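Encoded as C-alpha cells, the structure appears first; notes follow it.
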Amino acid sequence: MVRPPRPEVRGLLIDRAAGMLARREPVTLRGVVAGTGVSTMAVYTYFDGMPGLLGAVRQEGFTRLAARLGTLSATDDPVGDAAAAGAAYAASAREIPELYSLMFDGSLPLPDSGAADATLGHLVGAVRRAVASGRFDDDVDVLGFAHELWMLGHGACMLLVTRVLSFEQVEPVVTSGLVHLYRAAGDDARSAARSVERGWARGLGTDL
C-alpha cells in the first residue's frame with residue numbers, strides 16, 4: 001500500500017535543509033534526513049531530488065511571506081498599507097530568519113519567480129494608491145520608490161537575520177526611515193508619522 005504524501009514531512013525536510021544552508025553545512029541526502037525517521041527516498045518522493053528540495057527551500061520563504069501579506073487587506077490609508085507591508089517583511093525575518101535569508105540567495109533555484117515578484121507587488125500597489133490619493137506627489141516613480149522602500153527594509157532585515165542587530169534595534173531605525181522617505185515623496189510629516197505607526201503595528205499583528 002502506497003502511503004499518501006504527508007505535508008509535515010515535506011515541511012520538516014525544507015526546514016532541515018534551510019538550517020543546513022544557513023549554517024553553511026554541506027546539504028546531502030543523508031544529512032537532510034539524519035535523525036528524522038524518514039529515508040533518503042523522501043527527498044525524491046516530495047521534491048524529485050536535491051535540486052527540487054533546494055528550490056523548495058528558497059520558494060518556501062516567499063510562500064510564507066505571501067501568506068502574511070495576504071492577511072493585510074487594502075485600507076483607506078495607502079501610506080499605512082505600505083508601512084504594514086514593510087512590517088510583514090520584518091516579522092518574517094524575525095520569525096523565519098533562515099528561510100528569509102535564503103529567499104534572496106541567487107545561487108539557489110527559484111521554481112516560481114512570479115510568486116516571489118508578487119510579494120514586492122503588494123508594496124508597489126500601496127505606493128501606487130498613495131500617489132492616486134494625493135498623499136505622494138504625482139511625479140513619484142511608483143516602481144522606483146517601492147524599490148527604495150524595499151531596500152531600506154531589506155537591509156535592516158538582513159542585519160536582523162545575521163544577528164548583527166536585534167529587532168528592537170532595527171525597528172525604530174526602519175520606521176523613522178520610512179517617515180523620512182514618505183515625506184520626501186510629498187506626504188505631510190504628521191500624517192506620515194501617524195500612518196507609519198498604525199501601519200507598522202498592523203503588519204506586525206499588534207494593531208493599535
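The values are calculated or read from the model by the stated rules, or taken from the named source; none is laboratory data. Keep in mind that this is a model prediction, so the values were computed, not measured. Please note: Cβ atoms are built from the backbone with ideal geometry, for glycine as well, and neighbour counts cover all protein chains shown. Each accessible area value is taken on the protein alone, full model and side chains, heavy atoms only, with ligands, DNA and RNA left out. Shrake-Rupley method; radii C 1.70, N 1.55, O 1.52, S 1.80 Å.
Within the stretch 142-162, the residues that satisfy the criterion of being free of Cβ contacts under 8 Å to residues at least 24 places away in the same chain and more than 15 Å from the chain's Cα centre (by Cα) are VAL142, LEU143, GLY144. Taking the conditions (1) under 29 Å from VAL196 (Cα atoms); (2) in contact with a helix residue (DSSP H, G or I) (Cβ under 9 Å, 6 or more places away or on another chain); (3) open to solvent by 20 Å² or more (accessible area, probe 1.4 Å) in turn, GLY11 satisfies each one other than (1). For THR162, indicate whether it is open to solvent by 20 Å² or more (accessible area, probe 1.4 Å), under 22 Å from THR75 (Cβ atoms), among the hydroxyl-bearing types (Ser, Thr, Tyr) and at pLDDT below 95. Taking the combined requirement at face value, the residue does not satisfy it.
Of all residue pairs spaced 6 or more apart or on separate chains, those with beta-carbon atoms under 8 Å, a first member in the stretch 31-42 that is without any contact (Cβ under 8 Å) to a residue 60 or more places away in the chain and a second member that is part of a helix (DSSP H, G or I) and open to solvent by 30 Å² or more (accessible area, probe 1.4 Å) are VAL32/ARG16; VAL33/ARG16; THR36/LEU12; THR36/ARG16; VAL38/LEU12; THR40/LEU29; THR40/ARG30.
Taking the stretch 170-208 only, how many residues are part of a helix (DSSP H, G or I) and either within 23 Å of the chain's Cα centre (by Cα) or closer than 22 Å to GLY155 by Cβ (or both)? Residues flagged as part of a helix (DSSP H, G or I) and either within 23 Å of the chain's Cα centre (by Cα) or closer than 22 Å to GLY155 by Cβ (or both) within the stretch 170-208 amount to 27. Based on this model, can you work out whether SER92 counts as under 17 Å from GLU60 (Cα atoms), touching a Cys at 6+ places or on another chain (Cβ under 9 Å) and among the polar types (S, T, N, Q)? For SER92, the condition - under 17 Å from GLU60 (Cα atoms), touching a Cys at 6+ places or on another chain (Cβ under 9 Å) and among the polar types (S, T, N, Q) - is met. The one condition from (1) open to solvent by 20 Å² or more (accessible area, probe 1.4 Å); (2) over 25 Å from ALA184 (Cβ atoms); (3) not β-branched (Val, Ile, Thr) that ALA56 does not meet is (1).
Only residues that are more than 14 Å from GLY155 (Cα to Cα), crowded, with 24+ Cβ neighbours inside 10 Å and either in contact with a Gly (Cβ under 7 Å, 6 or more places away or on another chain) or in contact (Cβ under 8 Å) with a residue 60 or more places away in the chain (or both) were counted across the stretch 64-101, and they come to 9. Evaluated against (1) touching a residue at least 40 places away in the same chain (Cβ under 8 Å); (2) over 15 Å from TYR89 (Cβ atoms); (3) out of contact with any Asp or Glu (no Cβ under 7 Å at 6 or more places or on another chain), GLN169 falls short on exactly one condition, (1).
Taking the criterion of being part of a helix (DSSP H, G or I) and either farther than 24 Å from ASP81 by Cα or touching a Cys at 6+ places or on another chain (Cβ under 6 Å) (or both), the only residue of the stretch 102-133 that qualifies is LEU102.
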